[in-house]
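We did not get these values from a lab; they are worked out from the coordinates using the rules stated. Everything quoted here is computed from the prediction, not taken from an experiment. Cβ placement follows ideal geometry from the backbone for every residue including glycine, while neighbour counts extend to all protein chains displayed.
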Amino acid sequence: MTFEALVERARGLVNDGRRAILGITGAPASGKTTLAEELVAALDNVAHVPMDGFHLADVELERLGLRDRKGAPETFDRLGYAAMLKRILADEDDIIYAPGFERVIEQPIAGAIPIERDARLIITEGNYLLLWDDLKISEVWYADLDQDTRLQRLIARHVRFGKPEPAAIAWATGTDERNAALIAATRDRADLIIPARLIHSLGVAPA
């Protein structure tokens, strides 16, 4: 498996001119975003719409008593995400605005990602693409980064965005690891497994 082969496979999803959605999933810090961004750079008429924009805001997580479980399946607007994917595939609008996610403030940002009418392939990446059965996705690829690298990257990410190192380690090995186990249990449902060596080749290394 090579990156060039992945590009050709992704391009083949829209050979008939109709819109398609390619999903990339995997545990936290497994290289999903890096792979998605590399594919976007290599393809034409493509849009990148991460699932992270459908995080519930902290104020709502506080109301629900879920703030300490942020990132778990129940802390996302799953129905809103599913509805957006259906709207994308319907291909009836000149432009669709999707929410983004700002890691500096750890909050979703409404209307941050424009999806233009000429975008034929939409790449979406997120943790639970194989856990939720009502998502309309043409193919889902699983980023299978090795555990040691993934955990190092995850801790470094939490530190970079404001957590003290002890808190970063506790979150990565606690809440994040419980979520990672849920995601790993869906691995065999993927249409394609992206091996660690290929993810490393894209520059994914301990942050």
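Data overview
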{"quantity": "Value at 222 nm in deg cm²/dmol, rounded to 500, when DSSP H runs of n ≥ 4 in the chain each add -39,500 (n - 2.57)", "calculated": "-11500 deg cm²/dmol"}
{"quantity": "Footprinting exposure proxy for SER138, SER201 (fewest neighbouring C-beta atoms within 10 Å first)", "calculated": "SER201, SER138"}
{"quantity": "Descending semi-axes in Å of the range 3-196, equivalent ellipsoid built from Cα gyration tensor", "calculated": "27, 20, 15"}
{"quantity": "Footprinting exposure proxy for LEU129, LEU182 (fewest neighbouring C-beta atoms within 10 Å first)", "calculated": "LEU182, LEU129"}
{"quantity": "Contour excess over end-to-end distance, with Cα ends at ALA110 and ARG160 and 0.36 nm allotted per residue", "calculated": "15.6 nm"}
{"quantity": "Proxy reagent accessibility, fewest Cβ within 10 Å first, across ARG9, ARG63", "calculated": "ARG63, ARG9"}
{"quantity": "Net lengthening on full extension, GLU60/LYS86 (0.36 nm per residue, minus Cα-Cα)", "calculated": "6.9 nm"}
{"quantity": "Percent RCO, i.e. relative contact order, over the range 3-196, from Cα pairs under 8 Å lying at least 6 residues apart", "calculated": "34"}
{"quantity": "Length added when fully stretched, ASN15-ALA184, from 0.36 nm per residue minus Cα-Cα", "calculated": "57.7 nm"}
